[in-house]
Amino acid sequence: MARKLTPEEQPWCLDRVTKQVLINKGLENVCMDKSTICFIDGFHSKLYYRGYSIEDLARNSTYEEVVYLILHDKLPTKRELSDFSGWMREERDIPGQVVELLRKIPKDIEPMEILRTAVSYLGNLDPGRYDMSRDGMYRKTIRLISKMPSIVAYWHRIKNGLDLVEPDPRLSHAENFLYMLHGKRQEELLNRAMDVSMILYAEHEMNASAFTAVVIASTLSDYYSAIVGAIGALRGPLHGYANVEAMRQFDEIGSPENVDSWYRENILTGKKRVMGAGHRVYKSYDPRAKIFREYAKIFAEKYGGKVKNYYDIAYRLETLVMAQLCEPKNICTNCDFWAGICYYAMGIPIDLYCAVFAAARTVGWSAHIIEYTADNRILRPRLYYDGEVDKEFVPIDRR
Ligand code: ACO
């Protein structure tokens, strides 16, 4: 006789104290391990990498130094940083087979899918791809972090029928990316803003993409599969792709005068969500958004035109969000709301923004893979079974 299970028959789903079924939909506030990589205080707008505040790092550090910090759990000496940056510079080249592959992919494929395919192929070409030792994964991390911006730049140039620009080992990570993308060196303000954006995007605790990476790594699969999975997770509009969607939203709004009516028609009616607003962890203003916003303001004042139009739309929309969604629902604008305007000022096409984010975030994903697998336990949660059991199996000719 078919029947439903009682909660007592699934004791792993019961709260130990109340004995009621406890479902953490979306794994909200579930602590799955200890970590020393990143701390977010979502109620007080605080973010730390290895104990250093994001404001300090954005003001005083460089992306290379932050990568070293995240992977080594200490700030480098001058000598260590110089050796480490040198290693990253040597790893920027893309194997010819990957370039050939990029040339064959249809031009309408989305950049995050390009990145996913290219990273997977880089894994195929790595003879040490199954090496899940700490040293092996560390080596692969440097390889990928260094090559991912080159893949993004190459894709941009191939797609647009432009000659490829080889990496320049004299340039910093951020500066080289803009150089490879545009075919010429950029002014200091833009290079520094790219560097800071990469610092801001480098790591963010156990978000959906880091979790995906760790789930895959916890089966002792392989490092590249874990990163490919993370790219797939980041590509969703509720996660990293929000920096692309925020810009499309500003385009849809069109001008600052339209913001209020757009907000009334789309947000107050519940038809749409504000892209680049809300966060599972931040219930206060995202500290990264503040830094991106400062750069967006500088760019709006300096470059005017379309950058200023984006800034003015964003400014008015943020004002409405903070006045109407922040208090009742703790929805504030997040880093993806402002990041795109900075990238736009750097001359980067909108569809590339999430791929730029992914290239910067690979260090965070890698650090979590390395940390979690050092004391590995396969990730395997449970579900509360809400269906029936003991159903009668009816042979197919009697159904
Ligand atoms: N605009 C309007 N309302 C929102 C928004 C938003 N951006 N985000 C959440 N809400 C509302 C929901 O409608 C819900 O309202 P209700 O309680 O009346 O039903 C309430 O706030 C809670 O929303 P949840 O979806 O339960 O929040 P959750 O923590 O699950 O989602 C998320 C977080 C996915 C980021 C969500 O805020 C969202 O969709 N934001 C827009 C996309 C975005 O900007 N993503 C980037 C996040 S940062 C990053 O990943 C790099």
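Residues in region 98-134 that are open to solvent by less than 20 Å² (accessible area, probe 1.4 Å) and assigned to a helix (DSSP H, G or I): 11 in all.
Scanning region 191-206 for residues that are touching a residue at least 40 places away in the same chain (Cβ under 8 Å) and of a type outside the set (A, V, I, L, M, F, W, C) turns up 195, 197, 201, 203, 204, 205. Pairing residues of region 79-105 that are in contact (Cβ under 8 Å) with a residue 60 or more places away in the chain and closer than 12 Å to residue 151 by Cα with residues that are open to solvent by less than 20 Å² (accessible area, probe 1.4 Å) and among the polar types (S, T, N, Q), at Cβ distances under 6 Å and at least 6 apart in sequence or on separate chains, gives 92/146; 92/150; 94/150. Taking region 12-26 as the range and being assigned to a loop (DSSP other than H, G, I, E, B) and open to solvent by less than 100 Å² (accessible area, probe 1.4 Å) as the test, the residues that pass are 15, 18, 22, 24.
This table checks each residue for (1) farther than 19 Å from residue 231 by Cβ; (2) at pLDDT 95 or above; (3) among the β-branched types (Val, Ile, Thr); (4) not assigned by TED's automatic domain parsing to the domain that holds residue 82.
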| position | (1), (2), (3), (4) |
| --- | --- |
| 140 | no, yes, no, no |
| 145 | no, yes, yes, no |
| 149 | no, yes, no, no |
| 155 | no, yes, no, no |
| 171 | yes, yes, no, no |
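Within region 227-248, the residues that satisfy the criterion of being within 9 Å of the ligand (Cβ to nearest atom) and not in a loop (DSSP other than H, G, I, E, B) are 234, 242, 243, 245, 246. Report whether or not residue 211 is within 16 Å of the ligand (Cβ to nearest atom), under 21 Å from residue 380 (Cβ atoms) and either in a helix (DSSP H, G or I) or touching a residue at least 60 places away in the same chain (Cβ under 8 Å) (or both). Answer is yes for this residue. Residues of region 27-53 that are part of a helix (DSSP H, G or I) and in the same structural domain as residue 366 (by TED's automatic domain parsing): none at all. Screening residue 185 against (1) farther than 30 Å from residue 291 by Cα; (2) open to solvent by 50 Å² or more (accessible area, probe 1.4 Å); (3) of a type outside the set (Phe, Trp, Tyr); (4) touching a helix residue (DSSP H, G or I) at 6+ places or on another chain (Cβ under 7 Å) leaves a single unmet condition, (1). Checking the structure you have, find out if any residue of region 324-341 is on the phi < 0 side of the Ramachandran plot, open to solvent by 60 Å² or more (accessible area, probe 1.4 Å) and at pLDDT 95 or above. The answer is no, given that none of the residues of region 324-341 is on the phi < 0 side of the Ramachandran plot, open to solvent by 60 Å² or more (accessible area, probe 1.4 Å) and at pLDDT 95 or above.
Within region 188-240, restricting attention to residues that are surrounded by fewer than 23 Cβ atoms within 10 Å (Cβ to Cβ) and hydroxyl-bearing (Ser, Thr, Tyr), which residue is nearest to residue 125 (Cα to Cα)? Applying the filter and picking the extreme gives 224. Among (1) open to solvent by 20 Å² or more (accessible area, probe 1.4 Å); (2) within 16 Å of the ligand (Cβ to nearest atom), where does residue 309 come up short? Residue 309 satisfies every listed condition except (2). Give me the pairs, please: first residue somewhere in region 1-14 and in contact (Cβ under 8 Å) with a residue 12 or more places away in the chain, second residue anywhere and among the hydroxyl-bearing types (Ser, Thr, Tyr) and part of a loop (DSSP other than H, G, I, E, B), beta-carbon distance under 7 Å, and either six or more positions apart or on two chains. From residues that are in contact (Cβ under 8 Å) with a residue 12 or more places away in the chain, the pairs are 5/385; 10/384; 10/385; 13/384.
Checking each residue in region 367-385 for being assigned to a loop (DSSP other than H, G, I, E, B) and open to solvent by 50 Å² or more (accessible area, probe 1.4 Å) picks out 375, 376, 377, 378, 380, 381, 382, 383, 384, 385. Looking only at residues of region 249-280 that are within 12 Å of the ligand (Cβ to nearest atom) and surrounded by fewer than 18 Cβ atoms within 10 Å (Cβ to Cβ), we find that the one that is farthest from residue 316 (Cα to Cα) is 280. Considering (1) in contact with a Phe, Trp or Tyr (Cβ under 9 Å, 6 or more places away or on another chain); (2) modelled with pLDDT under 95; (3) not hydroxyl-bearing (Ser, Thr, Tyr), the lone condition that residue 57 does not fulfil carries the number (2). Residue 353 falls short of the stated requirement of being farther than 19 Å from residue 115 by Cβ and either open to solvent by 40 Å² or more (accessible area, probe 1.4 Å) or touching a residue at least 24 places away in the same chain (Cβ under 8 Å) (or both).
Counting the residues of region 323-343 that are touching a helix residue (DSSP H, G or I) at 6+ places or on another chain (Cβ under 6 Å) and more than 11 Å from the ligand (Cβ to nearest atom) gives 5.
The values are calculated or read from the model by the stated rules, or taken from the named source; none is laboratory data. If you're wondering where the values come from, they're calculated on a predicted model, not measured in any experiment. Cβ coordinates were reconstructed from backbone atoms using ideal geometry, including for glycine residues, and neighbour counts include every protein chain displayed. With ligands, DNA and RNA removed, areas are computed over all heavy atoms of the protein, side chains included. Shrake-Rupley method; radii C 1.70, N 1.55, O 1.52, S 1.80 Å.
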